[in-house]
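Since the structure comes first, as structure tokens, the remarks are kept for the end.
Values quoted throughout were computed directly from the atomic coordinates according to the rules given, and no laboratory measurement underlies them. Everything numeric here is computed off the predicted structure, so don't read it as measured data. Here the Cβ is made from the backbone with ideal geometry for all residues, glycine too, and neighbour counts use every protein chain on show.
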Protein chains: 2
Amino acid sequence: MRYEFFYWPTIQGRGEFVRLALEEAQAPYVDVARRSGGEARMFRMIADGKVTNPPFAPPFLKSGKLVIAQVANILLYLGDRHGLAPRDAAGRIWAHQLQLTVTDFVLEAHNTHHPISNALYYRDQKPEAKKYAASFLKYRAPKYLGYFERALAQNPAGDRYLIGRRLTYPDLSMFQLVEGMRYAFPRGMAKLEKKLPRLVALHDRVAERPNIGVYLESKRRIPFNEDGIFRRYPELDAKR
Amino acid sequence: MRYEFFYWPTIQGRGEFVRLALEEAQAPYVDVARRSGGEARMFRMIADGKVTNPPFAPPFLKSGKLVIAQVANILLYLGDRHGLAPRDAAGRIWAHQLQLTVTDFVLEAHNTHHPISNALYYRDQKPEAKKYAASFLKYRAPKYLGYFERALAQNPAGDRYLIGRRLTYPDLSMFQLVEGMRYAFPRGMAKLEKKLPRLVALHDRVAERPNIGVYLESKRRIPFNEDGIFRRYPELDAKR
């Protein structure tokens with residue numbers, strides 16, 4: 001069975017956290033909206049007045065008859081099916097808790113360029129974005145990323161992975177957070193990384209995994225751009 | 001065994017979604033931070049350099065040796081243990097998906113008074129809050145609440161509950177969202193409710209449940225106030 005994955009076809013965005021898990025697991029999937037007619041089908045599925053469980057927004061994953069939305073929910077599902085989750089209940093709860101904290105961080109990263117409204121362009125909320133981004137880089141990014149660094153440091157099985165001795169799905173998200181922050185805030189992130197040695201090492205470890213390496217070099221990996229979550233607007237970055 | 005629940009002692013906030021589930025289930029629990037010395041203990045647990053799975057922030061729940069953070073994660077756990085979740089896998093995924101959408105909505109409701117930074121007071125981000133709240137009431141609240149209304153309408157088992165024929169934990173959260181919106185935006189919510197008959201009926205149905213009724217009349221239910229998520233700042237509400 002092939003999964004059908006639905007997300008905006010031109011950005012990494014929130015969907016990328018799911019794509020990385022599908023790629024690491026070598027799970028067969030179609031990135032539907034990137035195919036001809038796929039985006040229209042995605043919109044129809046969201047608007048469908050008959051389905052029992054409509055998604056609020058992309059991304060969502062179709063697995064047989066199941067349609068699952070919300071990134072952390074999709075990863076909870078895929079993690080169990082593809083050996084990307086801890087095997088014990090406590091570990092599964094902890095993995096999901098970390099992933100939900102990723103969700104929170106991603107929304108705040110998004111709000112650096114859209115603090116007022118998604119209905120407005122960035123250029124229409126630029127002064128507010130500057131204030132938000134300054135506070136984000138000063139308080140929020142160090143708090144979140146420092147928390148993940150600490151989770152690595154406090155893993156009783158060692159600091160190679162977040163949980164236990166092997167890779168689980170939140171590790172893949174750590175890779176993506178570091179990549180995204182480096183793209184959006186090269187100066188700010190360079191400063192932050194000085195206090196995040198374990199997180200940076202985990203990023204490198206994920207990048208070196210064979211399936212992830214192949215994916216990153218493929219056309220399936222959409223480059224970062226200024227339509228996604230992590231956008232490079234130099235005026236929002238830390239000063240030199 | 002008694003649960004230990006940890007959250008800010010003077011607000012409903014995010015913790016209220018968990019309190020409602022504990023109360024409906026008549027699960028024995030202590031609201032730790034509301035007791036003498038409890039808040040200090042909460043801070044120590046967050047800062048503990050030795051625990052394997054530190055919470056990022058309150059609320060969190062201690063169940064035996066397990067410490068679980070993130071509201072939706074706590075409800076996923078409690079739902080299964082106390083008959084507040086659907087019994088089948090597809091229903092459990094759908095309940096969690098709805099709850100994660102509640103999480104998203106709650107953050108946006110919070111951002112109506114704190115659009116720029118949690119490190120600033122409301123009074124220091126008032127112009128931005130006015131812009132954010134206007135967009136929230138015009139676009140976001142109708143989109144989210146309309147989605148929950150639609151989930152009720154599209155429930156194949158009828159529109160009394162979100163999932164199947166009996167109450168599950170996201171229904172409790174619907175009650176809280178309606179209560180919170182009515183408190184924070186009495187004028188804006190009155191307008192919105194005209195298109196939300198099923199959601200309002202669900203709110204009333206939850207309020208009439210015996211355990212919830214007792215809770216709402218008790219001192220355990222903290223009144224809404226201007227330190228929580230839903231705050232009444234008349235200047236942010238819709239115009240007359």
- Rank these for me by crowding, A:Leu107, A:Leu152, going from fewest to most other beta carbons within 10 Å. A:Leu107, A:Leu152
- Message: Explain nothing, just the number: dipole magnitude of chain A about its Cα centre with +1 on each Lys and Arg Cβ and -1 on each Asp and Glu Cβ, in debye rounded to the nearest 20.
- Response: 260
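Once you compute Rg and the Kirkwood Rh from C-alpha atoms, what is the Rg to Rh ratio for chain A?
Values: Rg = 17.8 Å, Rh = 18.6 Å.
The Rg/Rh ratio comes out at 0.96.
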- Task: Work out Dmax and Rg for the stretch B:83-214 from the C-alpha atoms and quote the Rg first, both in angstrom.
- Result: 15.8, 48
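With the cut-off at 21 Å, report for the stretch A:61-142 the share of all Cα pairs above it, as a whole percent.
Numbers: 1619 of 3321 pairs.
Percent of Cα pairs beyond 21 Å in the stretch A:61-142: 49.
I need the shape label for the protein assembly as shown. Rule: rounded when a/c is under 1.5, else prolate if a/b > b/c, else oblate, with a, b, c from the alpha carbon gyration tensor.
Numbers: a/c = 1.23, a/b = 1.23, b/c = 1.01.
Rounded shape, in that the Cα axes give a/c under 1.5.
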- Message: Using alpha carbons only, how many angstrom separate the centre of the stretch A:1-74 from the centre of the stretch B:160-228?
- Response: 31
- Across B:91-103, the residue-averaged tally of Cβ atoms belonging to other chains within 10 Å stands at 5
- Report, for chain A, the % of DSSP beta bridges that are antiparallel, rounded to 5. 70
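May I ask you to compute the full-extension gain from A:Glu193 to A:Lys131, defined as 0.36 nm times their residue separation minus their alpha-carbon distance, rounded to one decimal in nm? If you can, show how the numbers build up before the last one.
Details: separation 62, 0.36 × 62 = 22.32 nm, distance 2.20 nm.
Using 0.36 nm per residue and subtracting the Cα-Cα distance, I get 20.1 nm.
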- Task: Tabulate in residue order the Karplus-calculated ³J(HN,Hα) for the stretch A:168-176, using 6.51 cos²θ - 1.76 cosθ + 1.60 with θ = phi - 60°, rounded to whole Hz; enter x for Gly and Pro.
- Result: 10, 4, x, 4, 4, 5, 4, 3, 5
- Message: Among A:174-181, B:79-86, how do they line up by average Cβ neighbours within 10 Å per residue, starting with the highest?
- Response: A:174-181, B:79-86
- Message: Ordered shortest first, which distances in nm separate the 7 Å Cα→C-beta label point of A:Gly91 from those of the other copies?
- Response: 3.0
- Message: Just to be sure I understand: with springs between alpha-carbon atoms less than 10 Å apart, which residue in B:Ala33, B:Ala89, B:Ala109 has the highest mean-square fluctuation in the Gaussian network model of chain B?
- Response: B:Ala89
- Query: Remind me, relative contact order of chain B in percent, using alpha carbon pairs under 8 angstrom and six or more residues apart?
  - Reply: 22
- Message: Placing the label point 7 Å from Cα along the Cα-to-Cβ direction, what are the distances from A:Gly158 to the equivalent spots in the other copies, shortest first, in nm to one decimal?
- Response: 5.8
- Item | Rounded to 5, percent antiparallel among DSSP beta bridges of the protein assembly as shown | 70
- Gyration tensor on Cα atoms of the stretch A:159-240, a ≥ b ≥ c root eigenvalues, a/c under 1.5 rounded, else prolate if a/b beats b/c, else oblate, says oblate
- Would you mind working out the magnitude of the charge dipole of the protein assembly as shown relative to its Cα centre, with +1 at each Lys and Arg C-beta and -1 at each Asp and Glu C-beta, to the nearest 20 Debye? 340
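Per-residue Cβ counts within 10 Å, from other chains only, averaged over B:155-166: what number is that? Could you put the intermediate results ahead of the total?
Values: counts 2, 3, 1, 0, 0, 0, 0, 1, 2, 0, 0, 0.
Across B:155-166, the average partner-chain Cβ count within 10 Å equals 1.
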- Note on the structure: Each residue of B:66-79 has, on average, a number of other protein chain C-beta atoms within 10 Å of its C-beta equal to 4
- Straight-distance crosslink candidates among aspartates and glutamates, where the alpha carbon sits under 17 Å from A:Lys62 and sequence neighbours closer than 8 are dropped: A:Glu4, A:Glu16, A:Glu23, A:Asp31, A:Glu39, A:Asp48, A:Asp80
- Query: Under the classification rounded if a/c is under 1.5, otherwise prolate if a/b is larger than b/c and oblate if not, where does the stretch B:1-130 fall, given a ≥ b ≥ c as square roots of the Cα gyration tensor eigenvalues?
  - Reply: oblate
- Query: If the label point is 7 Å along Cα→Cβ of B:Lys50, which residues in the stretch A:141-156 have backbone nitrogen under 19 Å from it?
  - Reply: A:150-156
- If you put a point 7 Å past Cα along the Cβ direction, how far is that point for B:Glu193 from the same point in each other copy, in nm, smallest first? 5.4
